[in-house]
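Contents: one structure, followed by commentary.
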Amino acid sequence: MERALTLYQTTIGKKAVVALTGVILVGFVVGHMLGNMNAYAGEEAFNGYAAALREVPALLWGARLLLLIAFPLHIYTAISLARLNRSARPQRYARKVDLVTSQPAKWMPYTGLILLAYLLFHLAHLTFGWAGPFNPENPFDTFVRGFQDPAISAAYIVGNLALGLHLFHGVWSMFQSLGASHPKYDRFRTDLAVFLSAIITVGNLSFPIAVMFGFIQ
Ligand code: HEM
């Protein structure tokens with residue numbers, strides 16, 4: 001325990017925690033997007049999927065517990081890592097060489113903040129019913145009527161664009177943090193980062209857009 005805590009104080013330990021919690025969060029986001037694809041199969045399929053999740057409380061609460069640990073740990077450790085890096089080099093570099101992901105990397109704190117705000121809004125909207133139309137008996141109805149409101153759809157579009165940028169740099173740097181970076185694999189990790197972030201962004205953006213254009217109704 002003491003050794004683990006000592007490791008957590010170091011840059012390497014913190015990077016590993018951000019990367020591992022990031023892997024859990026990416027896994028959740030992919031599974032969540034695939035589950036939401038049931039909306040394209042219609043009301044019965046979507047509501048059936050939502051009901052099936054609740055029929056296995058151990059699985060639902062297991063996943064919720066994992067998220068409740070992974071989300072705050074990811075955010076807290078990322079902030080403390082940034083602070084540690086800044087205190088290690090109080091003076092800015094005179095000349096910086098930009099890497100492939102340098103713009104999305106600089107935006108990480110901002111995309112992360114937008115994502116957090118989006119997540120709070122998303123839970124208020126679809127889980128607690130505090131924002132927009134809410135029909136607890138019929139999640140498909142909540143989904144469709146919510147995205148028919150341009151303001152709600154706009155919030156989802158902004159939030160999911162931020163998610164895409166955050167994921168792009170996150171997936172790319174995950175390899176480095178876990179010690180799996182080598183010039184031989186650089187092409188692969190760039191391709192994987194582009195592929196995963198594009199699939200998730202396009203998939204998630206498709207829901208509000210499909211409702212607004214009447215493909216899901
Ligand atoms: C357009 C994209 C998305 C749609 C349509 C969507 C839809 C939903 C729906 C229908 C629920 C279930 C509400 C309930 O019955 O309690 C839900 C819950 C949730 N969503 Fe999303 N979601 C989207 C994107 C995201 C993203 C990007 C994240 C994370 C970054 C996320 C995180 C969550 C969480 C944490 C829950 C609560 C799960 C639980 O109740 O345990 N969602 N979402």
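The values are calculated or read from the model by the stated rules, or taken from the named source; none is laboratory data. Note that the structure is predicted; figures quoted are calculated from it, not measured. Every residue, glycine among them, receives a Cβ derived from its backbone with ideal geometry; neighbour counts consider all protein chains shown.
Say whether the condition of being exposed (fewer than 14 other Cβ atoms within 10 Å of the Cβ) and among the β-branched types (Val, Ile, Thr) is met by at least one residue in the stretch 30-40. Checked the stretch 30-40: no residue is exposed (fewer than 14 other Cβ atoms within 10 Å of the Cβ) and among the β-branched types (Val, Ile, Thr).
Can Val158 be described as buried (at least 20 other Cβ atoms within 10 Å of the Cβ) and either in contact with a Gly (Cβ under 7 Å, 6 or more places away or on another chain) or aliphatic (A, V, I, L, M) (or both)?
no
A Cβ distance below 7 Å, combined with a sequence gap of six or more or placement on separate chains, defines the contacts here; from the stretch 1-28, residues that are under 13 Å from Ile79 (Cα atoms) reach residues that are small (Gly, Ala, Ser) and surrounded by 12 or more Cβ atoms within 10 Å (Cβ to Cβ) in the pairs Lys14/Ser80; Lys15/Ser177; Val18/Ala78; Val18/Ser177. For the stretch 182-214, which residues satisfy the criterion of being small (Gly, Ala, Ser), part of a helix (DSSP H, G or I) and closer than 16 Å to Pro150 by Cα? Passing the criteria: Ser206, Ala210.
Restricting attention to the stretch 44-82, which residues are of a type in the set (Gly, Ala, Ser) and at pLDDT 90 or above? Listed by number, the residues that qualify are Ala45, Gly48, Ala50, Ala51, Ala52, Ala58, Gly62, Ala63, Ala70, Ala78, Ser80.
Just checking, does the stretch 177-189 include any residue being among the hydroxyl-bearing types (Ser, Thr, Tyr) and at pLDDT 95 or above? Even if it seems obvious, please write down each step before you answer.
Let us first name the residues in the stretch 177-189 that are among the hydroxyl-bearing types (Ser, Thr, Tyr), namely 177, 181, 185.
Filter once more, so that each one left must be at pLDDT 95 or above: none.
Taking every residue of the stretch 177-189 in turn, none turns out to be among the hydroxyl-bearing types (Ser, Thr, Tyr) and at pLDDT 95 or above.
So that you can scan it fast, the table gives a plain yes or no per residue for (1) within 19 Å of the chain's Cα centre (by Cα); (2) part of a helix (DSSP H, G or I); (3) at pLDDT 60 or above:
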site	(1), (2), (3)
Leu84	no, yes, yes
Gln91	no, no, yes
Val97	no, no, no
Ala105	yes, yes, yes
Pro109	yes, yes, yes
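Answer with yes or no whether Val26 is farther than 17 Å from Val144 by Cα, within 13 Å of the ligand (Cβ to nearest atom), of a type outside the set (Gly, Ala, Ser) and surrounded by 13 or more Cβ atoms within 10 Å (Cβ to Cβ). Yes, satisfied. Checked against the criterion of being out of contact with any helix residue (DSSP H, G or I) (no Cβ under 8 Å at 6 or more places or on another chain) and surrounded by 14 or more Cβ atoms within 10 Å (Cβ to Cβ), the stretch 161-171 has no qualifying residue. When restricted to residues that are near the ligand (Cβ under 10 Å from one of its atoms) and of a type in the set (S, T, N, Q), the stretch 133-171 contains 3. Against the numbered list (1) closer than 30 Å to Ile209 by Cβ; (2) surrounded by 13 or more Cβ atoms within 10 Å (Cβ to Cβ); (3) under 22 Å from the mean Cα position of the chain (by Cα); (4) not β-branched (Val, Ile, Thr), Lys15 comes up short only at (1). Note on the stretch 186-212: residues that are of a type outside the set (A, V, I, L, M) and surrounded by fewer than 14 Cβ atoms within 10 Å (Cβ to Cβ) amount to 4.
Of all residues in the stretch 1-49, those satisfying the criterion of being outside any loop (DSSP other than H, G, I, E, B) and among the β-branched types (Val, Ile, Thr) are Thr6, Thr11, Ile12, Val17, Val18, Thr21, Val23, Ile24, Val26, Val29, Val30.
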